[in-house]
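Shown below is the structure under consideration.
The values are calculated or read from the model by the stated rules, or taken from the named source; none is laboratory data. Just so it is clear, the model here is predicted, and its values are computed rather than measured. Here Cβ is always computed from backbone atoms with ideal geometry, including for glycine, and neighbour counts include all displayed protein chains. Heavy atoms of the whole protein, side chains included, go into the accessibility calculation; ligands, DNA and RNA do not. Shrake-Rupley method; radii C 1.70, N 1.55, O 1.52, S 1.80 Å.
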Amino acid sequence: MTSNVKISVRQFTVIVMFYTIGTTILVIPSSLAADADQDAWIAAILGWVLGLLIVGFYIRLGRLFPNMTLIEYNEKVFGKWLGKKISLFFIFFSFICAATVLYYLGNFMTTQVMPETPIESFTILFAGIVVMGLRLGLEVVARTAEILFPWFLLLFIVSTLFLIPEIEIQNIQPVFEFGIKPIMNGALTFASTASLPLVILLLVFPAFVNHPKDAGKAYFIGTLLGGLFVIIITFLSISILGADLSERNMYPSYALAKKIDVGNFIQRVEILIAGIWFMTIFFKTTIYSFSFLTGLAQIFGFRDYRPFALPYGMILVVYSLVVYPDVVYMMDFDSTIWIPYALTIGLLLPLIILSVGSLRKKIKK
Amino acid sequence: MKIKKNFSSQSGQHQIMVQTEPLYESLDENIRKIKEDLGSSDDIIIREIRIGREGSVKVAVLYTDGLADKQVITEFFMESLMKKDTLIEPIEQLSDGDKRLESLKGMVLQIGDNKDITDFASLYNSLLSGDTVILLDGYSQGIAASTQGWQSRSISEPVAQSVVRGPQEAFTETLRTNTSMIRRKIKDPNLWLETKQIGRVTKTNVAVMYIKGIVNDKIVEEVRKRLDRIDIDGILESGYIEELIQDEVYSPFPTINNTERPDVAAAELLEGRVVILVDGTPFVLIVPTLFISFFQTAEDYYQRADISTLLRIIRFISLFIAMIGPALYIAITTFHQELLPTQLLISLAAQREGVPFPAFIEALMMEVTFEILREAGIRMPRPIGQAVSIVGTLVIGQAAVEAGIVSASMVIVVSITAISSFVITGYSMAISIRMIRFVIMGLAASFGIFGIVVALIALVLHLCSLRSFGIPYMSPFAPFVVGEHKDTIFRLPHWALSSRPRLINQKNSIRKQMSPPSKPKS
């Protein structure tokens, strides 16, 4: 393993943040509005708190076995044979997620920006830079995140400021029209899209971060900040587009950016704002792929994952084309299958690992 | 004829290389061998003279015409050698060779540094670097006295890196002049200088300069190691060295900076960097180099801090224009017309109405034309300069637009891109940016803004993977170091620049301890 690779706490924070924002920012207002209508932003806040709790749990799990990745402590907790089997669940989860994220990107480009260009050209190009990032290693990806972060922040702040005049407060009224239940549903959706995949980062944290003690804090702060960005976008989407339009749009934040109009001169800048998502999607795909490849290498005992980066990229492109046969399937999968799947991988399995792990530790004592 | 024979008989191996045998005792033997080895080249002057009262001691004086200072030789050697007075007298009486040599040396010492020679290799080395060699009959030892004095260019103004305010002197082609120019700026005993000869045939002097106690010893060690690894027949410019010691070969970005300004070299030494000077070129190398170095000039430190900061920001804006200017134009006019305000769009569309090419081809044509003109401007003989500028302005500027081959807006885009690329202070960096521009243009033509963003991510990935002598190329941006940002995009006032770059040197990092200058108490 290339375990001599270390990234700093600050870099890890930025990566967690990009990862949390990922594709979430593009699609979450739509599914939240479907659940909670005009209270979607409240659902987002609740989901965010829920997500922070989940991350707190992950941090505890990570502290149990410092300096080890999830794969390594699976083997420690369940023994070699069973541990490897359980680890396979995790890495397949990241592989499927990577493919869906890539599909989202291709789908977004072909439906919203360039309808005549085949989806393969976008996914291949994008997978190309993902493979490049994988081959250069986590350290380089982390540094890239550091450099791109100010640009992300700049675009985000500028677009938010430009959108503030468009807010119509009656769009979010009446508050709590349908009671608390739909809001809780929304919160669960939010947590499962934005926070549960964070379990994958246990493959990076704490083994690759140079100060494992502070890494937990970075994990938390990254989620906190990333969640804030998503909440802001959800709020803007509901208050500007209205619950109905947000729900019907597949990519409400893109529709949101179309509303920007400053002095009749800065208008229709949505493609520049989309630059934000290209960045966050890049980091999300790369981290998923990285955790898949390092996990694979650890399970099968390869010294280095790099030789697999290119073949992996090819498989990823092909799989991204078949993971969702069409948009209807995607919607169905996201609303019915995704949440239980994410709960299993992101909550159930880690819970089992944590309880068995701490039990074993106690017995040892 | 003889040289030719030597070359062929030794199957290409250079002849001088094998001359490590010691000198003969007989003067005639020595001279015969030297003549044979050097192919009786006409510029090698060998004067045999007899000295002593009876002229019984045979001495030969050898020097290379043009490399050695003739006046020095006549004044300090010949005259004192030929003098038949008391000074030379003891020579004949001293039977021991060493003592005779000592006596000769005592006399020769008038001209400063000299050294003993015992074998042919060092003899040729001295002779061909401008020293004068004195051989005494009957002794297998000689004296080389430093008489170097050849024609060289005097110190002139910097050509490539000019400033409005600041020293107006540049390095020259002579190594010794260059080192002296740095020494004049840093009069510290810790400024150390190591000289190596690199190049099997050219035997070029390469000097490594650093300030002991400030520099990171590991970097100096690394520089030494990489220089020692070089095995090449000739070094004619510092570019040879640069390419042979850089970290990453397959990258468009330069990881070693160069300068022709002594003040810049001194400033870099004070920051803990290593300066490599090569004989025969005014451009010295600076290692390690960061990406940011290519956007800073000497003048940034001579002007007020706020002005320098503004200028640096302008340089960064220029970087982006130079890199993605035409690509953005292509992307917007081809895919994202909605970005433009309606009136601007209408006027652009009206201009492009008669243009038969897609925006990408149009941009490519203009960019290539400009690059050709620029190259012609540098390479052609100076008197023709006027012609090229006329052709350039007329062809690119007016005729192309009037003929309907390109649109006027494209001319504007290409011009601003070209001007922006000249703002980037590091010439080698500007070239890489121009190269990358074409790749980004291609991606923009096929994928619009998406292509540009993908290209930029790939570019940043590549930049982040680079290192210069072990230092991350993109530092202090990535890894981000807060304290280092006092002198990157911003240039804080001098009293605030209190420490040296941390990644380059860990020890002795405090430059000064100063508080902001206080106002006079009235």
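Only one of these is of a type outside the set (K, R), within 14 Å of chain A (Cβ to nearest Cβ) and over 24 Å from the mean Cα position of the chain (by Cα): B:G397, B:G448. Name it.
Details: B:G397 fails: within 14 Å of chain A (Cβ to nearest Cβ).
Step by step, each of B:G397, B:G448 is checked, and only B:G448 is of a type outside the set (K, R), within 14 Å of chain A (Cβ to nearest Cβ) and over 24 Å from the mean Cα position of the chain (by Cα).
Turning to a different aspect of this structure: Among the numbered conditions (1) touching a helix residue (DSSP H, G or I) at 6+ places or on another chain (Cβ under 9 Å); (2) in a loop (DSSP other than H, G, I, E, B), tell me where B:N508 comes up short.
So the condition that B:N508 fails would be (1).
Still on this structure: So B:R467 clears everything in (1) of a type in the set (K, R); (2) open to solvent by 10 Å² or more (accessible area, probe 1.4 Å); (3) away from chain A (no Cβ under 14 Å) except one condition, right? Which one?
Condition (3) is where B:R467 drops out.
For the list (1) open to solvent by 20 Å² or more (accessible area, probe 1.4 Å); (2) in a strand (DSSP E or B); (3) free of Cβ contacts under 8 Å to residues at least 60 places away in the same chain, I need the number of the one condition that B:E221 fails.
(2)
Could I ask something else about it? Can you name every residue in segment B:333-349 that is within 20 Å of B:S415 (Cβ to Cβ) and free of Cβ contacts under 8 Å to residues at least 60 places away in the same chain?
Going through segment B:333-349, the residues within 20 Å of B:S415 (Cβ to Cβ) turn out to be B:333, B:340, B:344, B:347-348.
Once the filter is applied, which keeps residues that are within 20 Å of B:S415 (Cβ to Cβ) and free of Cβ contacts under 8 Å to residues at least 60 places away in the same chain, segment B:333-349 yields B:T333, B:L340, B:L344, B:S347.
Further question: Taking A:L136, is it within 14 Å of chain B (Cβ to nearest Cβ), of a type outside the set (K, R) and over 30 Å from B:H336 (Cα atoms)? Show your work before the answer.
Working: within 14 Å of chain B (Cβ to nearest Cβ): yes; of a type outside the set (K, R): yes; over 30 Å from B:H336 (Cα atoms): yes.
Answer is yes for this residue.
Further question on the same structure: On the basis of being assigned by TED's automatic domain parsing to the domain that holds B:A331 and either surrounded by 14 or more Cβ atoms within 10 Å (Cβ to Cβ) or of a type in the set (D, E, K, R) (or both), does B:S407 make the cut? Spell out how you get there, then give the answer.
On the way: assigned by TED's automatic domain parsing to the domain that holds B:A331: yes; either surrounded by 14 or more Cβ atoms within 10 Å (Cβ to Cβ) or of a type in the set (D, E, K, R) (or both): yes.
So B:S407 passes the test.
Exactly one condition in (1) within 26 Å of A:F122 (Cβ to Cβ); (2) surrounded by 13 or more Cβ atoms within 10 Å (Cβ to Cβ) is not met by A:V328; state its number.
Going through the list (1) within 26 Å of A:F122 (Cβ to Cβ); (2) surrounded by 13 or more Cβ atoms within 10 Å (Cβ to Cβ), A:V328 breaks only (2).
Just the residues that are over 26 Å from A:S291 (Cα atoms) and open to solvent by 60 Å² or more (accessible area, probe 1.4 Å), please, taken from segment A:142-157.
Correct list: A:L154, A:I157.
Let me spell it out: the conditions are (1) more than 14 Å from chain B (Cβ to nearest Cβ); (2) free of Cβ contacts under 8 Å to residues at least 12 places away in the same chain, and A:A99 meets all of them except one. Which number is the exception?
(2)
Further question: Considering A:I21, A:I42, A:I28, which residue is within 24 Å of A:A243 (Cβ to Cβ) and open to solvent by 10 Å² or more (accessible area, probe 1.4 Å)?
Unique residue meeting the criteria: A:I42.
Out of B:A327, B:A363, report the one residue that is in contact with a Lys or Arg (Cβ under 8 Å, 6 or more places away or on another chain), of a type in the set (A, V, I, L, M) and either open to solvent by less than 40 Å² (accessible area, probe 1.4 Å) or farther than 18 Å from B:G451 by Cα (or both).
Numbers: B:A363 fails: in contact with a Lys or Arg (Cβ under 8 Å, 6 or more places away or on another chain).
Testing whether each residue is in contact with a Lys or Arg (Cβ under 8 Å, 6 or more places away or on another chain), of a type in the set (A, V, I, L, M) and either open to solvent by less than 40 Å² (accessible area, probe 1.4 Å) or farther than 18 Å from B:G451 by Cα (or both) leaves just B:A327.
When segment A:209-226 is examined, which residues are found to be assigned to a helix (DSSP H, G or I) and not charged (D, E, K, R)? Steps first, please.
Going residue by residue through segment A:209-226, those that are assigned to a helix (DSSP H, G or I) are A:212-226.
Residues satisfying the conditions are A:P212, A:A215, A:G216, A:A218, A:Y219, A:F220, A:I221, A:G222, A:T223, A:L224, A:L225, A:G226.
Something else: Every residue in segment B:254-304 that is more than 19 Å from B:T195 (Cα to Cα), open to solvent by 20 Å² or more (accessible area, probe 1.4 Å) and in a loop (DSSP other than H, G, I, E, B), please.
If the condition is that a residue be more than 19 Å from B:T195 (Cα to Cα), open to solvent by 20 Å² or more (accessible area, probe 1.4 Å) and in a loop (DSSP other than H, G, I, E, B), then B:E271, B:Q296, B:T297, B:Y302, B:Q303, B:R304 are the ones that fit.
Among the listed residues A:E139, A:E166, A:E177, identify the single one that is farther than 18 Å from A:A34 by Cβ, open to solvent by 60 Å² or more (accessible area, probe 1.4 Å) and touching a residue at least 60 places away in the same chain (Cβ under 8 Å). Walk me through how you get there before you give the answer.
Working: A:E166 fails: open to solvent by 60 Å² or more (accessible area, probe 1.4 Å); A:E177 fails: farther than 18 Å from A:A34 by Cβ.
Within the list A:E139, A:E166, A:E177, the selection yields A:E139.
Taking segment A:193-208 as the region of interest, how many residues are part of a helix (DSSP H, G or I) and either open to solvent by less than 10 Å² (accessible area, probe 1.4 Å) or free of Cβ contacts under 8 Å to residues at least 60 places away in the same chain (or both)?
Going through segment A:193-208, the residues part of a helix (DSSP H, G or I) turn out to be A:193-203.
So of that shortlist, the ones also either open to solvent by less than 10 Å² (accessible area, probe 1.4 Å) or free of Cβ contacts under 8 Å to residues at least 60 places away in the same chain (or both) come out as A:194-203.
Residues in segment A:193-208 being part of a helix (DSSP H, G or I) and either open to solvent by less than 10 Å² (accessible area, probe 1.4 Å) or free of Cβ contacts under 8 Å to residues at least 60 places away in the same chain (or both): 10 in total.
Would you mind finding the one in A:E116, A:E120, A:E75 that is acidic (D, E) and either surrounded by 21 or more Cβ atoms within 10 Å (Cβ to Cβ) or out of contact with any helix residue (DSSP H, G or I) (no Cβ under 8 Å at 6 or more places or on another chain) (or both)?
The match here is A:E116.
If A:P311 meets every condition in (1) within 22 Å of A:I124 (Cβ to Cβ); (2) within 23 Å of the chain's Cα centre (by Cα); (3) free of Cβ contacts under 8 Å to residues at least 24 places away in the same chain apart from one, which number is that one?
So the condition that A:P311 fails would be (2).
Here's another thing I want to ask about it. Do you know which residues across segment B:281-305 are out of contact with any helix residue (DSSP H, G or I) (no Cβ under 6 Å at 6 or more places or on another chain) and closer than 16 Å to B:P158 by Cα?
Applying the first criterion (out of contact with any helix residue (DSSP H, G or I) (no Cβ under 6 Å at 6 or more places or on another chain)) to segment B:281-305 yields B:282, B:287-293, B:296-297, B:299, B:301-305.
Listed by number, the residues that qualify are B:P282, B:T297, B:E299.
Just need a number here: residues in segment B:380-392 that are among the charged types (D, E, K, R) and closer than 20 Å to B:M366 by Cα.
Residues flagged as among the charged types (D, E, K, R) and closer than 20 Å to B:M366 by Cα within segment B:380-392 amount to 0.
Hey, can you tell me all the residues within segment A:254-271 that are more than 9 Å from chain B (Cβ to nearest Cβ), open to solvent by less than 60 Å² (accessible area, probe 1.4 Å) and not in a helix (DSSP H, G or I)? Write out each step before concluding.
Our first condition is that a residue be more than 9 Å from chain B (Cβ to nearest Cβ); within segment A:254-271, this holds for A:254-257, A:259-263.
Then keep just the ones that are open to solvent by less than 60 Å² (accessible area, probe 1.4 Å); that gives A:254-257, A:260, A:262.
Answer for segment A:254-271, where residues must be more than 9 Å from chain B (Cβ to nearest Cβ), open to solvent by less than 60 Å² (accessible area, probe 1.4 Å) and not in a helix (DSSP H, G or I): A:I260, A:V262.
Scan segment A:276-317 residue by residue and report those that are open to solvent by 60 Å² or more (accessible area, probe 1.4 Å) and of a type in the set (A, V, I, L, M, F, W, C).
A:F300, A:F302, A:F308, A:L310, A:M314, A:I315
Could you grab the pairs with beta carbons closer than 9 Å, sequence gap of 6+ or different chains, first residue in segment B:165-184 and without any contact (Cβ under 8 Å) to a residue 24 or more places away in the chain, second one acidic (D, E) and outside any loop (DSSP other than H, G, I, E, B)?
Here the result reads none, with nothing in segment B:165-184 linked to a residue that is acidic (D, E) and outside any loop (DSSP other than H, G, I, E, B).
Quick check on segment B:474-488: of everything there that is open to solvent by 30 Å² or more (accessible area, probe 1.4 Å) and more than 10 Å from chain A (Cβ to nearest Cβ), which residue is farthest from B:F295 (Cα to Cα)? Steps first, answer last, please.
Residues of segment B:474-488 that are open to solvent by 30 Å² or more (accessible area, probe 1.4 Å), as a first pass: B:477, B:479-480, B:482-483, B:485.
With the extra rule that they be more than 10 Å from chain A (Cβ to nearest Cβ), the set shrinks to B:483, B:485.
Numbers: B:G483: 19, B:H485: 14 Å.
It comes out as B:G483.
Quick check: anything in segment B:425-444 more than 26 Å from B:L290 (Cβ to Cβ), touching a residue at least 12 places away in the same chain (Cβ under 8 Å) and in contact with an Asp or Glu (Cβ under 6 Å, 6 or more places away or on another chain)? Walk me through it before giving the result.
Pass one, segment B:425-444, residues more than 26 Å from B:L290 (Cβ to Cβ): B:441-444.
In the following step, the residues that additionally are touching a residue at least 12 places away in the same chain (Cβ under 8 Å) were identified as B:441-444.
Keeping just the survivors that are in contact with an Asp or Glu (Cβ under 6 Å, 6 or more places away or on another chain) gives none.
Scanning segment B:425-444, I find no residue that is more than 26 Å from B:L290 (Cβ to Cβ), touching a residue at least 12 places away in the same chain (Cβ under 8 Å) and in contact with an Asp or Glu (Cβ under 6 Å, 6 or more places away or on another chain), so the answer is no.
I need the full set of residues from segment A:277-310 which are of a type in the set (D, E, K, R) and in a loop (DSSP other than H, G, I, E, B), in order please.
Residues of segment A:277-310 of a type in the set (D, E, K, R): A:284, A:303-304, A:306.
Hits for segment A:277-310 are A:R303, A:D304.
Can we say B:E248 is surrounded by fewer than 22 Cβ atoms within 10 Å (Cβ to Cβ), closer than 15 Å to B:M429 by Cβ and out of contact with any Asp or Glu (no Cβ under 6 Å at 6 or more places or on another chain)?
Working: surrounded by fewer than 22 Cβ atoms within 10 Å (Cβ to Cβ): yes; closer than 15 Å to B:M429 by Cβ: yes; out of contact with any Asp or Glu (no Cβ under 6 Å at 6 or more places or on another chain): yes.
When the stated conditions are applied, B:E248 passes them.
Then there is this: Based on this model, can you work out whether A:A274 counts as within 30 Å of B:L344 (Cα to Cα), in a helix (DSSP H, G or I) and of a type outside the set (D, E)? So that I can check it myself, show each step before the final result.
On the way: within 30 Å of B:L344 (Cα to Cα): yes; in a helix (DSSP H, G or I): yes; of a type outside the set (D, E): yes.
For A:A274, the condition - within 30 Å of B:L344 (Cα to Cα), in a helix (DSSP H, G or I) and of a type outside the set (D, E) - is met.
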